[in-house]
């Protein structure tokens, strides 16, 4: 029963925490992600995306800043279209906290040996020779699923939408925010 | 908890008899249950808490250990139920 409660809280903490509290906690995780990501060569170059590349501290935070702004703004605009009354701070706080699972990938980056890029271009299958890299890829799947689940619940609770309207609006908003973050990162970073 | 729906056919119950325990007077008729009585016990407790907190959802969220949007969503659900009960009356 207790395990079920903990799992439920990890999948949807927003019944308990939202607004400024969620934003403060989420920002802590995001700053930590930026810091650790810069040293573990993990770049979050998309709302639900990450790559192993050598980046500076500034680049790491710029990527995360653009990701967060795209996610929050697009979800907010979508919320304005499909919902009647909600607070911006709830979208801001819950979406920021929804990024928290990616911290695990920032940490995992320290234990990952990236195969040589020039070798990967010659033979892409060489990535499977790095066990730690394969583990990182494998770990990224549940982390991304977890983060998307959090984003979905954040959107649901912040905007009070239900059913197919929620699902369709969320999917469109997520895809748009991911595409927008990619474009902005390409143009400005 | 006051029963509000028929246990047999689930139609909405009406009040037919009210009795005074002090003098034994009985008032008979066919009275609709008030809308608030049609709500579940949890919803009624929510409304009482809302009134006692002077309508402050922030205070309620703090007492119920829930987030503000969660409490607001619960209120929205109750508003929706009340509107549907009033429409059906």
Exactly one of A:49, A:45, A:41 is more than 26 Å from residue A:170 (Cα to Cα), more than 13 Å from chain B (Cβ to nearest Cβ) and modelled with pLDDT under 95, and that residue is A:41
Could you tell me whether any residue of segment A:4-11 is within 16 Å of the chain's Cα centre (by Cα) and surrounded by fewer than 22 Cβ atoms within 10 Å (Cβ to Cβ)?
-> yes
Restricting attention to segment B:37-59, report how many residues are away from chain A (no Cβ under 14 Å) and under 26 Å from residue A:94 (Cβ atoms).
-> 9
Of the residues in segment B:62-76, those that are at the interface with chain A (Cβ under 9 Å from one of its Cβ atoms) and either within 18 Å of residue B:45 (Cβ to Cβ) or assigned to a helix (DSSP H, G or I) (or both) number 8
From A:49, A:41, which residue is surrounded by fewer than 18 Cβ atoms within 10 Å (Cβ to Cβ), in contact (Cβ under 8 Å) with a residue 60 or more places away in the chain, farther than 22 Å from residue A:86 by Cβ and more than 15 Å from the chain's Cα centre (by Cα)?
-> A:41
Among the helices (runs of 4 or more DSSP H) contained in segment A:19-134, which hold 1 or more residues that are touching a helix residue (DSSP H, G or I) at 6+ places or on another chain (Cβ under 9 Å) and under 20 Å from residue A:182 (Cα atoms)?
-> A:19-40, A:57-82, A:88-98, A:103-108
Does residue A:109 satisfy the criteria of being away from chain B (no Cβ under 14 Å) and at pLDDT below 95?
-> yes
Only one of (1) out of contact with any helix residue (DSSP H, G or I) (no Cβ under 6 Å at 6 or more places or on another chain); (2) over 25 Å from residue A:20 (Cα atoms); (3) crowded, with 20+ Cβ neighbours inside 10 Å does not apply to residue A:174, and that is (2)
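The values are calculated or read from the model by the stated rules, or taken from the named source; none is laboratory data. All figures in this text were calculated on a predicted structure; none of them were measured in a lab. Cβ atoms come from the backbone with ideal geometry, glycine included; neighbour counts cover every protein chain shown.
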